[in-house]
Amino acid sequence: MRKGKKWIPLSISIVLLLLFGLSQFFAYVMKDESSERNAARHVARTEAGLTEITKAQKSVWDENSIYWVLTGSNQAGTKMMVWVRFTQDGKPAGGDNDIYAEEVAKGVSEKQIRGIIADQLPGISIKRLLPGVYNGEYAWQLFYKEKGRYYYRFFRFSDGSQIGDGFSLPVR
């Protein structure tokens, strides 16, 4: 074999080994979040009666407001949202008030809250919008950019009204 042809299989082997190593590292890093998501799905199915889960989102505001919010349907086909509170250790909290389920029709859907936000804050750039809990209220958490600054605002899930004045992040 020529010298140049020996390097081709060696180079391919090294690239494949690096790709395998990166995929294993990614799986290791995401393991905790994946196990939390699976625990939240289990709780939503067994405690809140979800039969189909279409979306699972994690919301963290402070150490007492770590929630997985799952969207899906129950056996009757009703669209539901389920909030499952977690501890800092990544386990479902498991108390009486740590699971809350509500029909989407009895609250404000993501599409509806986007319309409310567009009316109240025209011209902003939404960076993230997810359901969560703020000051003990089930809410939509909005993270957005306006005129070069970043802000947080919260809107009640029950009626879409704004909670407080929001927060602006410091400019660097």
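The values are calculated or read from the model by the stated rules, or taken from the named source; none is laboratory data. On a predicted model such as this, the values are computed, not experimentally measured, just so you know. In this analysis, Cβ positions are derived from the backbone assuming ideal geometry, glycine residues included, and neighbour counts consider all displayed protein chains. Note: areas computed on protein heavy atoms with side chains; ligands, DNA, RNA excluded. Shrake-Rupley method; radii C 1.70, N 1.55, O 1.52, S 1.80 Å.
Assess whether residue 132 counts as being closer than 30 Å to residue 171 by Cβ, open to solvent by 70 Å² or more (accessible area, probe 1.4 Å) and small (Gly, Ala, Ser).
Numbers: closer than 30 Å to residue 171 by Cβ: yes; open to solvent by 70 Å² or more (accessible area, probe 1.4 Å): no; small (Gly, Ala, Ser): yes.
Answer is no for this residue.
In the stretch 122-129, is there at least one residue being closer than 22 Å to residue 65 by Cβ, touching a Phe, Trp or Tyr at 6+ places or on another chain (Cβ under 8 Å) and open to solvent by less than 30 Å² (accessible area, probe 1.4 Å)?
Yes.
For the stretch 118-140, give me the residue count where each residue is aliphatic (A, V, I, L, M) and either in contact (Cβ under 8 Å) with a residue 60 or more places away in the chain or under 12 Å from residue 156 (Cα atoms) (or both).
Here the count works out to 3.
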May I ask you to list the residues in the stretch 105-148 that are among the small types (Gly, Ala, Ser) and outside any strand (DSSP E or B)? 105, 107, 109, 115, 118, 123, 136, 148
Open to solvent by less than 50 Å² (accessible area, probe 1.4 Å) and of a type in the set (A, V, I, L, M, F, W, C): does that describe residue 171? no
Would you check if there is a residue in the stretch 154-170 being out of contact with any helix residue (DSSP H, G or I) (no Cβ under 7 Å at 6 or more places or on another chain), within 12 Å of residue 61 (Cα to Cα) and not acidic (Asp, Glu)? yes
